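These notes concern the structure reproduced below.
The values are calculated or read from the model by the stated rules, or taken from the named source; none is laboratory data. Just so you know, these numbers come straight off a predicted model, no measurement behind them. Don't worry about glycine lacking a Cβ; one is built from the backbone with ideal geometry, like all the others, and counts go over all protein chains shown. The accessibility values were calculated without ligands, DNA or RNA, using every heavy atom of the protein model including side chains. Shrake-Rupley method; radii C 1.70, N 1.55, O 1.52, S 1.80 Å.
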Amino acid sequence: MSLLKNKIVFISGASSGIGMACARAFAREGAKVILAARRRERIEKLALELKEAFTTESKILSFDIQNYQEIKESFASLPEEWKNVDILINSAGLAQGMHKLQEGNPDDWDVMINTNIKGLLYLTREILPNMVKRESGHIINLGSTAGHDVYPSGNVYCATKFAVNAISQSLRIDVLDKSIKVSSVDPGMVETEFSVVRFSGDVERAKKVYAGVDPLTPQDVADAILYCATRPKHVNINEIILTPVAQAQSNFVVRKTT
Ligand code: 8X3
């Protein structure tokens with residue numbers, strides 16, 4: 001039987017990309033899923049799809065991850081038994097804009113910092129105490145190669161992913177005596193809505209980011225997350241860095257030209 005059968009898995013950013021791929025991957029393994037995102041219609045549709053495909057039990061939580069009060073109220077609305085989350089996948093995150101710092105937009109900085117750092121902290125703060133109480137649980141944070149090597153005009157986005165890296169390492173120490181696992185899964189180039197969002201809907205510009213690279217897919221990343229979540233009880237995967245074969249790190253990419 002799957003190790004994940006009936007486990008409660010909370011996925012932020014479940015309405016697209018890596019979060020959505022995780023929802024499908026964990027549902028396939030028999031997990032119960034809490035799908036969290038701002039865009040309610042998308043996660044409602046996903047919940048229905050999972051129910052039909054895998055008879056998955058799920059809950060939908062729609063909130064703005066930048067708003068701690070909304071997160072608190074939303075989490076409180078869950079039935080008691082669903083509050084004992086076994087695995088939290090902090091996959092909500094985004095890049096907005098890509099400019100030299102001297103030309104950057106502070107509103108973009110706020111959104112990235114509030115989502116990628118503070119949102120991750122808020123959600124973890126809500127869910128972790130029950131794990132601590134039960135001395136059991138697993139937090140899986142979505143980092144990035146951008147949290148290991150900076151790149152030109154990456155400034156604030158890279159800073160948020162360096163912060164996620166620090167939070168994962170530090171949290172691992174905080175819960176060391178509570179049998180709680182903390183993993184960081186840090187992908188390089190993954191083709192999702194990421195670059196379209198970063199470039200404010202400019203699809204052509206977004207396509208160029210992945211041109212000639214054969215990028216990772218959201219499923220590739222979900223696979224790595226699933227791997228972390230299915231190790232034996234005594235094994236913690238601290239960190240996985242995964243990139244397309246054509247990428248060594250943030251700044252080293254080869255592109256095939258046709
Ligand atoms: C996404 C990877 O290199 O586009 O976190 O910043 S990158």
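Heavy-atom accessible area, probed at 1.4 angstrom with all protein chains present, ranks 40, 231 as 40, 231, highest first.
The residues of the chain expose, per residue, 49 Å² of accessible area to a 1.4 Å probe.
Remark: the residue 174-residue 78 segment gains 31.9 nm on full extension, using 0.36 nm per residue and subtracting the alpha carbon distance.
Out of the DSSP beta bridges found with both residues in the range 8-253, what percent are antiparallel (nearest 5)?
Taking every DSSP beta bridge with both residues in the range 8-253, the antiparallel ones total about 5 percent.
In the calculated pair-distance distribution of the range 44-166, the portion above 24 angstrom amounts to 38 percent of the Cα-Cα pairs.
P(r) for the range 108-178: what percent of alpha-carbon pairs falls in each 10 Å bin, starting at zero? Here the calculated profile for the range 108-178 is 19, 48, 24, 8, 0. Using heavy atoms of the protein chains and a probe of 1.4 Å, the accessible area assigned to residue 32 is about 50 Å². The portion of the accessible surface of the chain made up by carbon and sulfur, rounded to a whole percent, is 52 (1.4 Å probe; DNA, RNA and ligands excluded). Under 15 Å from a label point 7 Å along Cα→Cβ of residue 5: give me every residue in the range 30-50 with its amide N that close. Hits in the range 30-50 for residue 5 at 15 Å: 30-32. Counting only whole DSSP H helices of the chain, the ones at least 27 Å long by C-alpha along their axis and with mean Kyte-Doolittle hydropathy no lower than 0.0 are 155-174. Charging the Cβ of each Asp and Glu at -1 and of each Lys and Arg at +1, and nothing else, the dipole of the chain about its Cα centre rounds to 400 debye. Across the alpha-carbon atoms of the range 1-48, the computed radius of gyration and Dmax are 10.2, 33 angstrom.
Sorting 82, 109 by accessible area puts them as 109, 82; the probe is 1.4 Å, largest comes first, and only protein heavy atoms count. Think of the chain as a dipole: +1 on every Lys or Arg Cβ, -1 on every Asp or Glu Cβ, centred on the Cα centre; then among 227, 79, 183, 227 lies furthest on the positive end. For the range 158-258, list log₁₀ I(q)/I(0) at each q in 0.12, 0.15 Å⁻¹, using the Debye formula over Cα point scatterers of equal strength and ignoring solvent, two decimals each. Ignoring solvent entirely, the Cα scatterers give -0.51, -0.74.
At each listed q (0.10, 0.17 Å⁻¹), what is the log10 of I(q)/I(0) that the Debye formula gives for the range 8-253 modelled as equal alpha-carbon point scatterers? The calculated log intensity ratios at q = 0.10, 0.17 Å⁻¹ are -0.45, -1.36. Here, the range 174-220 yields an orientationally averaged convex hull projection of 4.9 nm² when only Cα atoms define the hull.
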